Structures are given as structure tokens and as C-alpha cells.
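Trainee: Attaching a single structure in C-alpha cells format; questions to follow.
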Amino acid sequence: MVEALQRMGLDKYFQAIVTEEDGMESIAHRFLSAAVKLDRKPSKCVVFEDDPRGVTAAHNCTMMAVALIGAYRAYDLGQANLAVANFSELSVINLRRLFANKGSTFMDLEKQIIDKNPPKRRLGIDTIF
């Protein structure tokens, strides 16, 4: 995928790329991986999908979902935060409205500090019994 984007000169339009080749098990893992690569809280991300499973995965990650009607009917994509028949229907105002009443800190990204050398513990008679 990355090579195809480079050949077409489109790679410069993406800050981060997550593909199936990255070995993620589920759609939600791919979305969360993209949020981490972008250093963005999942609750501040918008997923553009045309599949109800992708919309569900986005919501499971606390992300907003914009659905493109076409492959699936509008009824099937009803759980999306916004559904459009064509991406030309989108505007900055529509996207900003998605976050108008957001204030959740659930699943916010946190940097994790990992000690290279964990502290050593001695086992004694008191710790065994």
C-alpha cells in the first residue's frame, strides 16, 4: 500500500499510514494504531467508513464515524455520527459539529514509561508463606 501511494505521489498527503500489512487483528486495532501514530486521542479522531462494522469499531474506540452511503444503505449505517451520499457533502462545519458536546477523557492516550531493568525481588520464607 505504501509503495502504491509513493508511486502515485500521494504519500505526502498522509501523516501516518496503517495497513493490513501491519498485522493488526481487528479493525478497532487499526484505528487505535492510527491514533497512536498520529499522537491523537481516540476521542478526537474521525473515521470515514462505508461499512457498518467499521462504524461499530470506531465507536468501540470512542472515535466519531462518518459513513459513506453506497455499498450499504443509509439504514444499515444509521449508527454513524454522520452519513453522507458523497464526500462533497462534507464541510468543516459539519465535522466540527461532531465534537460540539464532547468532553470525555475515556481512552485518552497516555505515555507509558517502561523501566528497562525492573527492580529485583528476593524471595524469602515470609513471602512464600
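Trainee: Tell me which residues, restricted to region 85-94, are more than 20 Å from the chain's Cα centre (by Cα) and either among the small types (Gly, Ala, Ser) or not in a loop (DSSP other than H, G, I, E, B) (or both). It would help to see each step written out before you state the result.
Mentor: Let us first name the residues in region 85-94 that are more than 20 Å from the chain's Cα centre (by Cα), namely 85-86, 88-89, 91, 93.
Listed by number, the residues that qualify are 85, 88, 89, 91, 93.
Trainee: Just wondering, is there one or more residues in region 52-64 that are assigned to a helix (DSSP H, G or I), closer than 15 Å to residue 99 by Cβ and either charged (D, E, K, R) or in contact with a Ser or Thr (Cβ under 7 Å, 6 or more places away or on another chain) (or both)?
Mentor: Applying the first criterion (assigned to a helix (DSSP H, G or I)) to region 52-64 yields 52-60.
Narrowing the set further to residues that are closer than 15 Å to residue 99 by Cβ leaves 58-59.
Those left that are additionally either charged (D, E, K, R) or in contact with a Ser or Thr (Cβ under 7 Å, 6 or more places away or on another chain) (or both): none.
Scanning region 52-64 turns up no residue that is assigned to a helix (DSSP H, G or I), closer than 15 Å to residue 99 by Cβ and either charged (D, E, K, R) or in contact with a Ser or Thr (Cβ under 7 Å, 6 or more places away or on another chain) (or both).
Trainee: Do any residues in region 9-22 that are in contact (Cβ under 8 Å) with a residue 12 or more places away in the chain and under 13 Å from residue 35 (Cα atoms) have Cβ atoms under 7 Å from those of residues that are surrounded by 12 or more Cβ atoms within 10 Å (Cβ to Cβ) and among the basic types (Lys, Arg), where the two are at least six apart or on different chains, and which pairs are they?
Mentor: Short answer, once both residue conditions are applied: 16/37; 18/30; 18/37.
Trainee: Report, by residue number, each residue of region 1-51 that is surrounded by 15 or more Cβ atoms within 10 Å (Cβ to Cβ), among the hydroxyl-bearing types (Ser, Thr, Tyr) and farther than 25 Å from residue 96 by Cβ.
Mentor: Answer for region 1-51, where residues must be surrounded by 15 or more Cβ atoms within 10 Å (Cβ to Cβ), among the hydroxyl-bearing types (Ser, Thr, Tyr) and farther than 25 Å from residue 96 by Cβ: just 33.
Trainee: When you look at residue 21, is it charged (D, E, K, R) and either in contact with a Pro (Cβ under 9 Å, 6 or more places away or on another chain) or modelled with pLDDT under 90 (or both), yes or no? Spell out the reasoning first.
Mentor: Working: charged (D, E, K, R): yes; either in contact with a Pro (Cβ under 9 Å, 6 or more places away or on another chain) or modelled with pLDDT under 90 (or both): yes.
So residue 21 fits the description; yes.
The values are calculated or read from the model by the stated rules, or taken from the named source; none is laboratory data. Not measured: the values here are computed from a predicted model. No Cβ is skipped: glycine too gets one built from the backbone with ideal geometry, and neighbour counts run over all protein chains shown.
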